[in-house]
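The structure appears below as structure tokens.
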Amino acid sequence: MPKRNTWSRRNWTRAAISAARKSSTLCHDWCGGAESQQERKKAEMVSRHASCRCGSLAATVTGAPVSVHACSCLACQRDSGSAFTYTAFFPESAVAAIEGDHRKWRRIADSGRWTDSFFCPTCGATVFRRWEALPGVFGVPVGCFADPSFVPPAKLYFSSQRHSWLAVPESVEAVDTQ
Ligand SMILES: [Zn+2]
Ligand SMILES: [Zn+2]
């Protein structure tokens, strides 16, 4: 009897070690997290392609956005033709390519500073923006990526002007104005 107990305990130990070896936690202990470092590097190098609806104007950006915001001010409602704009902000250095003919429309905000919207002359969709107040920043309307898994907005600006049906998720900070 004692012999069998010893055997079964050893057997259990072997099974546990084998299961632990397969677990990613132990793998990261052994390999120093090389797997997650590789994943992080991959995310840094990922290229995203934004385009207008007809496909004539496109912008390619590399890496993760610096920030992502939504805004439901009345100007953004007119800009987007929808309840809010949803914009990803990249450093200008992340822009790998801008392809296709585009026009620029400059809006002067109440602050007196301009926002330039660059749009396709064929279908009219805005594919990127630049702001006087944010030098070196390249904004892309998130819808142009056509990627429902895109990073959600951290904040919704001008929440005070949002449509009444629009519930703000807990993960998004609702800011009354700006
Ligand atoms: Zn177009
Ligand atoms: Zn706005």
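Near the amide H of Gly63, within less than 5 Å, lie the amide hydrogens of Val46, Ser47, Arg48, all on another chain or at least 5 residues away, with H placed in the peptide plane. Derived scalar couplings between HN and Hα for segment 57-63 equal 10, 9, 10, 10, 10, 10, x Hz in order, rounded to whole Hz, by the Karplus curve 6.51 cos²θ - 1.76 cosθ + 1.60 (θ = phi - 60°), x for Gly and Pro.
Remark: segment 92-109, residue by residue, has Karplus-estimated 3J(HN,Hα) of 3, 5, 7, 7, 8, 6, 10, 10, x, 5, 8, 10, 10, 10, 9, 10, 9, 6 Hz, where x stands for each Gly or Pro and the curve is 6.51 cos²θ - 1.76 cosθ + 1.60 at θ = phi - 60°. Sequentially through segment 150-164, phi angles give Karplus couplings (6.51, -1.76, 1.60; θ = phi - 60°) of 4, 3, x, x, 7, 9, 10, 7, 6, 4, 5, 9, 6, 5, 5 Hz, Gly and Pro residues having no value and appearing as x.
The H on the amide N of Ala125, modeled in the peptide plane, is under 5 Å from the matching H of Arg53, Cys120, each at least 5 residues off or on a different chain.
Only the coordinates and a few stated rules stand behind these numbers; no lab work does. Small disclaimer: the values here were computed from a predicted structure and weren't measured.
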